[in-house]
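Coordinate-derived values only; no laboratory data. As the structure is a prediction and not an experimental result, all values here were calculated from the model. A quick note on method: Cβ atoms are made from the backbone with ideal geometry, for glycine too, and the neighbour counts reach across all protein chains shown.
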Amino acid sequence: MKLKSTLGIIGTALLVTFFPHASGQELTGFEIMKRSDDAVRSTNDSSFNRMQLSSCKFGVTQSRITCAERARVKSLESVAKNYGPELKDTKSVTITLEPAAERGIGMLSFAYDDSERDNETWLYLSALGRVKRIAAGNSEEETEPASLFGSEFTTEDTDTGKLEEYTINLLGETTQAGRDVWQIEMIPNAERARKTRYSRTVHYIDKERFVALRSEMYDQYEREVKRLMASRVELVNDIWMARSLTMMNLVTNRLSNMAFVEIYTDLNIEDEFLTQRTLTDAAYRETELEKLRSQLN
Amino acid sequence: MLRFCQLVILVQLLLTKTYAQQEEPLILDDSVSFDAELAIDDDIFGNVFDEDTSSTTSSWFEDFTVRVSQQFFGQVNNHSVEPLPGFVFPREAEMENNRLGINIRYQNAFSPGWLLQASGQIRSYWKDDYEYEANGERIDMDYRVNELFLQRSFDQHSIKFGRQTVVWGETVGNSVLDVINHFEFRDLSIIDIEDARLNQWMVVWDYFGDSGQFSTFINLYPEFNPAPVRGSPFFFEPAFNITDYDRDDNPFFEIGTQYRLSFEGSDISFMAAYLVENQLRYEDPVTGIGDAVARKNDFVLLGFSANRAIGKLLLNFDFAYSHNVLADSFSFPGTSSLATPLDLKKNQVGTSFGFEYAVSNEQSVSLGIQAQKLLDEDEGLLPGQQLINDGVFGSWLVRYSNNLMNGDLVLSSTLQGGLDANSFFAMLDANYTISDNWAINAQIVSITANNSTPLLFFDEDVRLGATITYSF
């Protein structure tokens, strides 16, 4: 279940967004990714997301990618807020809305930036009748990447920071989906290599909006094993965001689309909402969620 | 059992083979269309962006969750048991459960701070189901309201009134503190306590303070574990009529409170309660004929529970001190004692402890051990008398689960037995999620018991079951 604990930050972690920068400024690959990381962290603070995660087996027909089966759909609502001196710790609550068999499952997660501190996760299932702490460990440091909600996205794909554990090369410039992009390669160092399933990744970053429009993940045999595609890039709260992300697993021929149906940041979220009460007290939770929604209007 | 294990191995081999066949990545060249507007047909994702979420009016039906399931379950091993030399009881293979179930759950936060929640179930028993046969070989139906409560939350308070569950304790599956609600292990397709817990009429007041949470309940109508249903595997013909407890002349209630604190890596709780044991004790009629005398067992419980997370390991600990419990209260769930019990009240200590360990992102294992002991157990006994629960008694429980195929296939096993090693349950379970609506489950349950326990009558039983479920 630790996979789900990162949901609070994936609302923005995958978006790889930037604030607009001064035109003509020369940036290195590291600088681009560093600014991306800072932007991701800032967009995660005090956020409310509603997302739909759709997965299916895919095929290629007439050079178009199509689902070969009816997509499996999960609908989730999450609230997150950053804490700590540098706002690098994140508390989040995630509620499953769909499918029906998982409706009402709630998860509270405290993710600490300090690798010495274990992340904390509590789960609420109506069958359990109580809040239960989950043995989660620190998903970034102790465990291998794992599927997120049964999708093709993994915890590694949602990871932020740790840029110093990569060699980052600016390969060049090209176009992607009709837009000018930088091509940036990230190669893990020896320490990071032990935790990752990718020997390298290549990102295609929109030069104007600083959004990753495409990412390619390669295995140790230099084969592309996964590809991430972004679309519906929109300006939300002065930040460019890709509201639709599709991860294709080229080994299993499955894909997952993560659609941010609603994404709002910089909200006034009470600290009390990010406690165990939100899991057990549905009347309180729904009331507070309504207050959050009212801030959006 | 062996055949099922072979099946599990076969499934795993097939999965391995499937992955092996797909180990070569698909080559996607740039001619494959996948541009910013998503070449994937948008409708396969439900046109999620097309709906105007801000103006969506919620349908009354969205507050309901419905699960429809058809279950087949039966004993498949032809054998016999011999509780006493010369008394041989045949145990023939037979269908036990053939039933359709509809579970409905409703949750509606109808106004700020208010919530109404209800859940219930309807069961229809088809041919060969034990309830069908107990009903004169006619299709039988029953229904039950599980949850039904109204909740009001304001400031740091929450009050719930209605049928609900209160669960105490940290240990998975067999906590000594999980004694507030009563249970019904109606048949052997239910061996997890989470599936057997029944709701009761209560008022629960929660106070969420800055330094911890107080949770207090008053049970206005304490209920008892239901007697075995006629025809079920647990049913036996009693020597006297089993009757409900006569509460008209003796109204009673339960009350308890828990204080819970959370620290980084740990949660702890303190509890105190006045309770009535969930299992009624039955005594022989005074005149020797007629109805058995149902007797309740009220006592005071003091408890403490704690957990500690260390990386992927979670340690659990519960402690219970019970004051003034009836020394002889039969503890096997769903059955009742007609032996001549001793009329002694004693104090009892109990503990349950164990761990949960996340082997990997997909696999987890847990162990729970429960042990209880009456204090001064020999005090008050006449020469030759012996308590039913003599010395340390309790149970152990091991669970293992493995998520495959991104969680679509969950293989799990449950092993449990008594500390006295007189009985042993083993269950293997496979749950496959076919789609967002459909799921199928298969399970095998095996029991081993010796003649020191009433479970002897289930010795060498092997049960196979399958359930198909549709949720919406």
(message) What distance in nm lies between label points placed 7 Å from Cα along the C-beta direction at A:N169 and B:D246?
(response) 9.0 nm
(message) Taking beta carbons within 10 Å but only from partner chains, what does the mean come to for residues A:62-73?
(response) 5
(message) Using a 10 Å cut-off around each Cβ, can you sort B:I159, B:I289 from fewest to most neighbouring Cβ atoms?
(response) B:I289, B:I159
(message) With Kirkwood's inverse mean 1/r over C-alpha pairs for Rh, give me the Rg to Rh ratio of the stretch B:70-471, two decimals please.
(response) 0.95
(request) State the answer as a single residue: which of B:L115, B:Y130, B:F149 lies farthest towards the positive end of the charge dipole of the stretch B:104-154, with beta carbon charges of +1 for Lys and Arg and -1 for Asp and Glu, about the Cα centre. (result) B:L115
(request) Give the order of A:F153, B:F183, B:F253, B:F161 when sorted by the count of other beta carbons within 10 angstrom, beginning with the fewest. (result) B:F253, B:F161, B:F183, A:F153
(message) Give me the one-decimal nm value for the distance between modelled label points at A:A190 and B:I104, 7 Å along each residue's Cα-to-Cβ direction.
(response) 6.5 nm
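If R0 is 41 Å, what FRET efficiency do you get for B:L381 and B:L313 from their C-beta distance, rounded to 0.05?
0.45
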(request) Give, in nm to one decimal, the length gained when the segment between B:N135 and B:R295 is fully stretched (0.36 nm per residue of separation minus the Cα-Cα distance). (result) 54.7 nm
(message) Viscosity 1.002 mPa s, temperature 20 °C: give me the Stokes-Einstein translational D for the stretch B:180-225 in µm²/s, with Rh taken as the Kirkwood radius over C-alpha pairs.
(response) 170 µm²/s
(message) Please report the net charge: other residues with Cβ closer than 11 Å to the Cβ of B:H79, K and R +1, D and E -1.
(response) -4
(message) Going through the cross-link list A:K74/B:K160; A:K81/A:K132; A:K34/A:K74; A:K34/A:K132; A:K162/A:K291; A:K162/A:K226, which pairs have a Cα-Cα distance over 28 Å in this structure?
(response) A:K74/B:K160; A:K34/A:K74; A:K34/A:K132; A:K162/A:K291
(request) Arrange the following residues from fewest to most other Cβ atoms within 10 Å of their Cβ: B:H79, A:H203. (result) B:H79, A:H203
(message) Given R₀ = 22 Å, what would the calculated FRET efficiency be for B:D195 paired with B:F472, taking r from the Cβ atoms and rounding to 0.05?
(response) 0.55
(request) Go ahead and run the numbers for FRET between B:V286 and B:F236, Cβ-Cβ distance against an R0 of 22 Å, rounding to 0.05. (result) 0.45
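Only Cα pairs under 8 Å and at least 6 apart count here; give the relative contact order of the stretch B:172-258 as a rounded whole percent.
Relative CO of the stretch B:172-258 lands at 28 percent.
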(message) Can you give me the distance in nm between label points at B:T448 and B:Y207, each placed 7 Å from the Cα along the Cα-to-Cβ direction?
(response) 5.2 nm
